[in-house]
1. On the basis of being surrounded by 22 or more Cβ atoms within 10 Å (Cβ to Cβ) and not in a strand (DSSP E or B), does L302 make the cut?
2. With the structure loaded, tell me whether A237 is under 24 Å from the mean Cα position of the chain (by Cα), farther than 17 Å from D250 by Cβ and of a type in the set (G, A, S) or whether it fails that test.
3. Please pick out the residue among S126, S167, S106 that is assigned by TED's automatic domain parsing to the domain that holds H282 and either at pLDDT below 95 or over 19 Å from the mean Cα position of the chain (by Cα) (or both).
4. Could you look through the range 129-157, keep only residues that are in contact with a helix residue (DSSP H, G or I) (Cβ under 9 Å, 6 or more places away or on another chain) and more than 25 Å from R11 (Cα to Cα), and pick out the one that is modelled with the lowest pLDDT?
5. Between a first residue in the range 378-398 that is under 26 Å from E332 (Cβ atoms) and a second residue that is aromatic (F, W, Y) and part of a strand (DSSP E or B), which pairs have beta carbons less than 6 Å apart while being 6 or more apart in sequence or on different chains?
6. Does the range 126-141 hold any residues that are of a type outside the set (K, R) and either in a helix (DSSP H, G or I) or crowded, with 16+ Cβ neighbours inside 10 Å (or both), and which are they?
7. Would you be able to tell me the number of residues in the range 142-157 that are part of a helix (DSSP H, G or I) and either outside the structural domain of I10 (by TED's automatic domain parsing) or not acidic (D, E) (or both)?
Amino acid sequence: MTLIKSISGIRGTIGGTAGENLTPPDIVRFTAAYGSWLREQQRAGTLSVVVGRDARLSGAMVNALVCATLEGLGINVIDLGITTTPTVELAVPAENAAGGIVLTASHNPVQWNALKLLNDKGEFISAADGARVLELADAADLPYAPVHELGKTISKDYLAAHLEAISALDLVNAEAIRNAGLVIAVDAVNSSGGIYVPALLHALGVQSVHPLWCDPTGHFPHNPEPLPEHLTALADAVRAGGCHLGISVDPDVDRLALVCEDGTMFGEEYTLVAVADYVLRHTPGNTVSNLSSTRALRDVTLAHGRSYSAAAVGEVNVVAEMKRTGAVIGGEGNGGIIYPELHYGRDALVGIALFLTHLAKFGKTASVLRATYPNYYISKNKIELTPEIDVDGILSGIQTKYKKHPINTIDGVKIEFEREWVHLRKSNTEPIIRIYAESQSQTTAQNLAEKIIHDIKDMISENHTR
């Protein structure tokens with residue numbers, strides 16, 4: 001079953017059976033539920049919703065269904081076309097819209113798509129609001145508008161507005177970037193980053209941009225998740241082109257991974273660490289990441305004399321904790337940068353601008369900059385879920401097995417050891433259990449993850465034999 005309803009939106013594989021996959025009836029049903037939820041917010045007058053999509057192959061079809069459904073509800077649509085998730089997030093308040101829908105399955109492969117739902121601030125809707133949308137999706141009597149009250153769709157391009165907002169930030173220094181004479185290779189997996197990232201780099205004064213898969217056709221040349229094993233061609237391009245840096249983004253441009261000048265990985269976990277270090281040097285304040293992110297952010301934050309907090313996984317949870325603690329920078333260890341000075345959403349574009357300013361002012365190579373940060377290794381693993389697997393039972397069993405260690409259960413189970421941690425949780429975006437382990441030794445991190453995976457498989461096997 002590949003239709004997933006969570007705080008990350010409505011996500012599934014295209015085609016198949018309604019209610020089990022992301023089919024046209026499902027797209028209409030959940031869009032109508034979201035539009036009806038907006039109507040419940042006691043808004044007077046005509047509502048508008050910003051819609052944007054990545055370049056994946058199903059995007060045009062999903063976009064047509066979403067826009068037509070909103071029109072049928074009497075809601076006007078501001079269609080940004082092929083764009084980025086953070087661009088839609090910025091456009092919602094700028095257009096005084098009631099909300100936004102981003103059509104993207106983010107890092108998932110090409111057969112997936114999703115509806116990411118935003119509130120009037122351009123932020124992900126809360127768990128409570130999401131629950132209400134799901135409740136409305138099960139209703140059989142949602143009201144649609146009569147013929148004279150149908151909504152209309154207009155198209156807008158927000159590329160220039162997004163880039164101008166980034167360039168205007170106090171901590172973005174285009175002059176320093178220009179003077180550094182940077183040569184950068186870009187892997188945008190043939191999605192919207194192929195439009196936005198080169199345009200941003202040129203606006204910031206980067207000397208030369210080497211595009212790699214920057215044609216937004218939706219034909220992903222490799223697995224679109226920006227992990228080291230998927231970035232070998234980018235690393236080769238960086239070395240062959242004598243580049244100072246390689247930049248990789250996922251299809252909707254909310255995740256940022258970097259490759260050093262020598263072809264080594266800067267590490268997606270360290271994108272946030274480096275940007276936070278730069279921000280904290282100039283803006284005193286706290287930081288936030290999720291429970292599955294590296295301890296290095298905590299170490300860097302404490303070195304600046306500030307406080308670090310961990311949130312449950314999911315952008316909405318990180319944002320809530322950032323607001324609670326007054327954090328000046330935050331995000332997720334998957335390369336997601338949230339910079340409140342611009343907006344409360346993961347934004348690879350602002351991450352690029354802040355990192356390049358940091359690198360230019362640092363005056364040395366990316367690999368030397370990476371070496372200035374604490375060294376941790378995270379082993380990232382997953383177990384595919386089948387309907388008969390009792391996830392809650394597994395998590396409870398692991399918690400019991402390791403009860404002598406400090407345990408955090410706000411999101412799955414996170415076990416703290418003396419110098420290591422392991423975090424296991426059900427994914428919001430895929431039918432899998434994620435198992436992350438971190439240590440100052442790569443071997444130790446992997447061994448710890450394998451030990452937990454072995455424990456889980458034993459539990460599954462025991463359940464099958466009962």
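The values are calculated or read from the model by the stated rules, or taken from the named source; none is laboratory data. Because the structure is predicted, anything quoted here is derived from the model rather than measured. Ideal geometry is used to build each Cβ from the backbone, glycine not excepted, and the neighbour counts take in all protein chains shown.
1. no
2. Answer is no for this residue.
3. After applying the criteria, what remains is S167.
4. A145
5. Listed pairs, sorted by first residue: I378/Y436; K380/Y436.
6. Matches in the range 126-141: A127, A128, D129, G130, A131, V133, L134, E135, L136, A137.
7. Qualifying residue count for the region: 2.
For (1) closer than 21 Å to R178 by Cα; (2) buried (at least 19 other Cβ atoms within 10 Å of the Cβ), each residue gets a yes or a no:
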{"site": "S208", "(1), (2)": "yes, no"}
{"site": "E229", "(1), (2)": "no, no"}
{"site": "I247", "(1), (2)": "yes, yes"}
{"site": "D252", "(1), (2)": "no, yes"}
